[in-house]
């Protein structure tokens, strides 16, 4: 499953809001700058995330975007499903699929596709945005320890 650029931007925008959670609104331009997202594209994505209930926006000079839920309650999988749809590698294992497969009951690939879908869901649904924030801290500590040298 290839993850679209739009989905990557949406995840990075939510991640930036999660890092800022509890510190007030975050301006769209600041999210774009921190996550290197084109501002015009970010505006479209944030509107979509707002319609999906992931964020809220406040207008005005002191306005900006807020995360609607706590970073420890929101998973990467939820955002990905909202932007991309199902994790199904093929249509026949998609939950919304109403078409009947001509090989129904005798397709040797179906268990493989089903297993792949469940594995992706387990990984993405098992990662909250708080997990990612903590991972960034660990990476920063590791990176700083690598730079600790004396001449």
With contacts defined as alpha carbon pairs under 8 Å and 6 or more residues apart, what's the relative contact order of the chain in percent? 25
If you rank 67, 26, 39, 110 by fewest surrounding Cβ atoms within 10 Å, what's the result? 39, 110, 26, 67
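Could you estimate the translational diffusion coefficient of the chain from the Stokes-Einstein equation, with Rh from the Kirkwood formula over C-alpha pairs, at 37 °C and 0.692 mPa s, in whole µm²/s? Intermediate results must be reported in sequence, preceding the final value.
Numbers: Rh = 17.6 Å.
The estimated diffusion coefficient comes to 187 µm²/s.
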Given R₀ = 25 Å, FRET efficiency for residue 140-residue 33 by Cβ-Cβ distance, to 0.05? 0.85
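In what sequence do 58, 90, 79 fall when counting other Cβ within 10 Å, fewest first?
58, 90, 79
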Exposure-ranked with fewest Cβ neighbours within 10 Å first, 7, 101 stand as 101, 7
At 0.36 nm per residue, and after removing the present C-alpha to C-alpha distance, how many nm does the segment from residue 123 to residue 103 gain when stretched out fully? 4.3 nm
Over the stretch 31-80 - Rg/Rh using Cα atoms and the Kirkwood inverse-distance radius: 0.97
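FYI, it's all coordinate maths here, none of it is from the lab. Small disclaimer: the values here were computed from a predicted structure and weren't measured. Here the Cβ is made from the backbone with ideal geometry for all residues, glycine too, and neighbour counts use every protein chain on show.
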